[in-house]
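Written out below as structure tokens is the structure these notes cover.
The values are calculated or read from the model by the stated rules, or taken from the named source; none is laboratory data. Everything numeric here is computed off the predicted structure, so don't read it as measured data. Neighbour counts run over all protein chains shown; Cβ positions are idealised from the backbone, glycine included.
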Amino acid sequence: MNQISTQTPKATLQKRRKKFADSMDENSAALFLSAEVHHRNSDVEHKFRQDSSFWYLTGFNEPDSALLIVKTKKETVNYIFSRPRDKEKEIWTGKIAGPERAKEITGVDKCFEFKDLDGQLEKLLTGLSRLYFEFSLANYHFLRNKILETAKHRRIQRITSTQNLIGELRLFKEPFEIQQMKQAAKISAEAHKLAMQRAKPGKHECTLEGIIEGHFCLCGAGWAYPSIVASGANATILHYTANDQELKKGDLLLVDAGSEYNYYASDITRTFPIGGPVGGKFSKAQKQAYELVLSAQKDAIAQCYKKEVTFESVHEAAVKVLCEGLLDLGLLKGKLSDNIKNKTFRKFYMHKTSHWLGLDVHDVGSYVEPQDSKRVSKTASAKTDTSRILRPGMVITVEPGLYFDPEDTNIPKEFRGIGVRIEDDVLITKTGAEILTSACPKEVDELEEILGL
Ligand code: GLY
Ligand code: MN
Ligand code: MN
């Protein structure tokens, strides 16, 4: 990640931690670990990217760090654990803040060295009844097991994931967060336009990947997820990232790429015919698929402007339009209601229409109303739960698609190998909604103009 990041104001961090602590039980502690450094091979490290929840609550960008919030009847105390200053190490990998400076940056009450975490937990968890800790973390395996043992040893009765509580906070974006997301969206829209202008037969998918990610870098951003640059039938592979094929005249190109700006993600997909001077226009089948997805996306986005609609209704709107269109094209048979009920469309549309967007591209936050989320974890049945009502401050993607298996001999030849997805990022506002990615063209005539067709 090559992004420029700005320090989150201490007062903002303190406010977030206070909100989090308010949602904790009395007599409990919450522990958040930083991300860990991962090795790519031998002694080469992957670029470090801080854990999103840890960043949200601390604004501290170092590995081997932890935040502990201890809430008793009397008081709430915040502790930061971080690496000690180490001149020798700093020569190789850069400045280390050290616990005292970490305390200043984060505005917490007390600080310790990271190596003392387990020992301090032995003391600080004494007498508490609950620990909030993300035990499903992929990071710090050894330490994680030790923490769980310590909690058991200190007779903590309940260990609960932090996910529900932190998800509830991160789901509603503050004005500062929205600013960052708008900037991420703007940079991504520009990068997609560049890719459209440069997508010519004979080039390779990875050339466009470079153009897109190069633009992210030029803008002080990084990528929010590895870019998908999928030409022809590669577009029917949902998580295609090989990006190594040559662009061919007559094929469509699906680009799913989003920048991460100051830790905040954007997520855009556009699909278009590979451009001139020797490129072709949309074929008839390509255009039919494209216009169908576009119209499904527009209906789904229109849902977001309505008051108090559910997350699920956005998906339902997209599914309805797609099913109607697939029936018209003869690609589905029978009654609309039966196709929707029996999910026959899943052969061509196998993913959901939306996800939350924020610090993570697939951001945290419950997809059912909070009063239902406790019941879900007990019964593991989401069927009767109320889908989350969309409220101001939430950001979702709207990304319907159609994917026709290149080997499916049950569909007309002209549809085989077509993959189309159109994805925008939508902020729910007090008065409706705002499409953060609207600067990225998607109308057929806009695309044809930019592609020089
Ligand atoms: N780019 C990941 C997604 O669209 O969900
Ligand atoms: Mn997405
Ligand atoms: Mn995407």
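Just to confirm my filter: which strands (runs of 3 or more DSSP E) fall fully inside the range 386-443 and include at least 1 residues that are touching a Leu at 6+ places or on another chain (Cβ under 7 Å), at pLDDT below 95 and within 14 Å of ligand 1 (Cβ to nearest atom)?
Values: elements: 395-398, 401-403, 419-421, 424-428, 433-435.
Correct list: empty, since no element meets the threshold.
If I filter the range 278-307 down to residues being within 22 Å of F345 (Cβ to Cβ) and among the polar types (S, T, N, Q), which single residue comes out as nearest to the chain's Cα centre (by Cα)?
Of everything passing the filter in the range 278-307, Q297 is nearest to the chain's Cα centre (by Cα).
Just the residues that are of a type in the set (V, I, T) and under 24 Å from G417 (Cβ atoms), please, taken from the range 199-236.
Step one: filter the range 199-236 for residues of a type in the set (V, I, T), giving 207, 211-212, 228-229, 236.
Selection gives T207, I212, I228, V229, T236.
Restricting to the range 242-268, and then to whatever is free of Cβ contacts under 8 Å to residues at least 60 places away in the same chain and crowded, with 19+ Cβ neighbours inside 10 Å, can you tell me which residue is nearest to P201 (Cα to Cα)?
In the first step, residues of the range 242-268 are kept if they are free of Cβ contacts under 8 Å to residues at least 60 places away in the same chain; the result is 242-251, 253.
With the extra rule that they be crowded, with 19+ Cβ neighbours inside 10 Å, the set shrinks to 243, 247, 251, 253.
Values: N243: 15, L247: 5, D251: 9, L253: 11 Å.
The residue in question is L247.
Among the residues of the range 275-292, what is the count of those that are crowded, with 24+ Cβ neighbours inside 10 Å and in contact with a Lys or Arg (Cβ under 7 Å, 6 or more places away or on another chain)? Please lay out each step first, then the result.
Of all residues in the range 275-292, those crowded, with 24+ Cβ neighbours inside 10 Å come to 275, 289.
Among the residues that remain, those that are also in contact with a Lys or Arg (Cβ under 7 Å, 6 or more places away or on another chain) are: 275.
Final tally of qualifying residues: 1.
Let me confirm something: among K306, K352, K335, which residue is among the basic types (K, R) and within 30 Å of W55 (Cβ to Cβ)? Write out each step before concluding.
Values: K306 fails: within 30 Å of W55 (Cβ to Cβ); K335 fails: within 30 Å of W55 (Cβ to Cβ).
Going through K306, K352, K335 in turn, the sole match is K352.
Does the range 274-283 contain at least one residue that is within 14 Å of ligand 1 (Cβ to nearest atom) and over 22 Å from L326 (Cβ atoms)? Even if it seems obvious, please write down each step before you answer.
The first filter runs over the range 274-283 and keeps only residues within 14 Å of ligand 1 (Cβ to nearest atom), leaving none.
Taking every residue of the range 274-283 in turn, none turns out to be within 14 Å of ligand 1 (Cβ to nearest atom) and over 22 Å from L326 (Cβ atoms).
Contact list please: Cβ distance under 8 Å, first residue in the range 334-357 and free of Cβ contacts under 8 Å to residues at least 40 places away in the same chain and away from ligand 3 (no atom under 16 Å from the Cβ), second residue in a loop (DSSP other than H, G, I, E, B) and of a type outside the set (D, E, K, R), pairs at least six apart or on different chains.
N339/L332; T344/L332; T344/G334; F345/L332
For every residue, the table says whether it meets (1) at pLDDT 95 or above; (2) in contact with a Gly (Cβ under 9 Å, 6 or more places away or on another chain).
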site	(1), (2)
V77	yes, no
W92	no, no
A102	yes, no
V108	yes, no
C111	yes, yes
L121	yes, no
N139	no, no
F142	no, no
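What about S161, is it within 21 Å of F48 (Cα to Cα) and under 27 Å from the mean Cα position of the chain (by Cα)?
On the way: within 21 Å of F48 (Cα to Cα): no; under 27 Å from the mean Cα position of the chain (by Cα): yes.
No; evaluated as a whole, the condition is false for this residue.
Where the second residue is buried (at least 16 other Cβ atoms within 10 Å of the Cβ) and not in a strand (DSSP E or B) and the first is free of Cβ contacts under 8 Å to residues at least 24 places away in the same chain and acidic (D, E) and lies in the range 65-91, which pairs have Cβ atoms under 9 Å and are six or more apart or on separate chains?
D86/I96; D86/G98; E90/I96
Please go through the range 74-120 and pick out each residue that is part of a helix (DSSP H, G or I), closer than 13 Å to F60 by Cα and touching a Ser or Thr at 6+ places or on another chain (Cβ under 9 Å). So that I can check it myself, show each step before the final result.
Keep residues of the range 74-120 that are part of a helix (DSSP H, G or I), which gives 87-93, 98-106, 114-120.
Next cut, closer than 13 Å to F60 by Cα only: 98-106.
Hits for the range 74-120 are G98, P99, R101, A102, K103, I105, T106.
Scanning for something acidic (D, E), touching a helix residue (DSSP H, G or I) at 6+ places or on another chain (Cβ under 7 Å), at pLDDT 95 or above and farther than 17 Å from D425 by Cβ, does the range 206-215 turn up at least one residue?
Of all residues in the range 206-215, those acidic (D, E) come to 209, 213.
Within this subset, residues satisfying the condition of being touching a helix residue (DSSP H, G or I) at 6+ places or on another chain (Cβ under 7 Å) are none.
No: the range 206-215 contains no residue that is acidic (D, E), touching a helix residue (DSSP H, G or I) at 6+ places or on another chain (Cβ under 7 Å), at pLDDT 95 or above and farther than 17 Å from D425 by Cβ.
What's the number of the condition H239 fails, among (1) crowded, with 20+ Cβ neighbours inside 10 Å; (2) farther than 22 Å from W55 by Cβ; (3) within 16 Å of ligand 1 (Cβ to nearest atom)?
Exception for H239: condition (1).
Tell me yes or no: at least one residue of the range 124-137 is in contact with a Leu (Cβ under 8 Å, 6 or more places away or on another chain), in a helix (DSSP H, G or I) and not hydroxyl-bearing (S, T, Y).
Taking the range 124-137 first, the residues in contact with a Leu (Cβ under 8 Å, 6 or more places away or on another chain) are 124-125, 131-135, 137.
Now narrow it down to the ones that are in a helix (DSSP H, G or I): 124.
Adding the requirement that they be not hydroxyl-bearing (S, T, Y) leaves 124.
There is at least one residue in the range 124-137 that is in contact with a Leu (Cβ under 8 Å, 6 or more places away or on another chain), in a helix (DSSP H, G or I) and not hydroxyl-bearing (S, T, Y).
Would you confirm whether or not the range 278-301 contains a residue that is touching an Asp or Glu at 6+ places or on another chain (Cβ under 9 Å), among the basic types (K, R) and either away from ligand 2 (no atom under 16 Å from the Cβ) or under 22 Å from M181 (Cβ atoms) (or both)?
Yes.
On the basis of being surrounded by fewer than 18 Cβ atoms within 10 Å (Cβ to Cβ) and out of contact with any helix residue (DSSP H, G or I) (no Cβ under 9 Å at 6 or more places or on another chain), does A138 make the cut? Give the steps one after another, and end with the answer.
On the way: surrounded by fewer than 18 Cβ atoms within 10 Å (Cβ to Cβ): yes; out of contact with any helix residue (DSSP H, G or I) (no Cβ under 9 Å at 6 or more places or on another chain): yes.
The answer is yes for A138.
Working carefully through the options H362, H315, find the one that is within 21 Å of the chain's Cα centre (by Cα) and in a helix (DSSP H, G or I). Explain how you work it out, then say what you get.
Numbers: H362 fails: in a helix (DSSP H, G or I).
Criteria check complete, one pass: H315.
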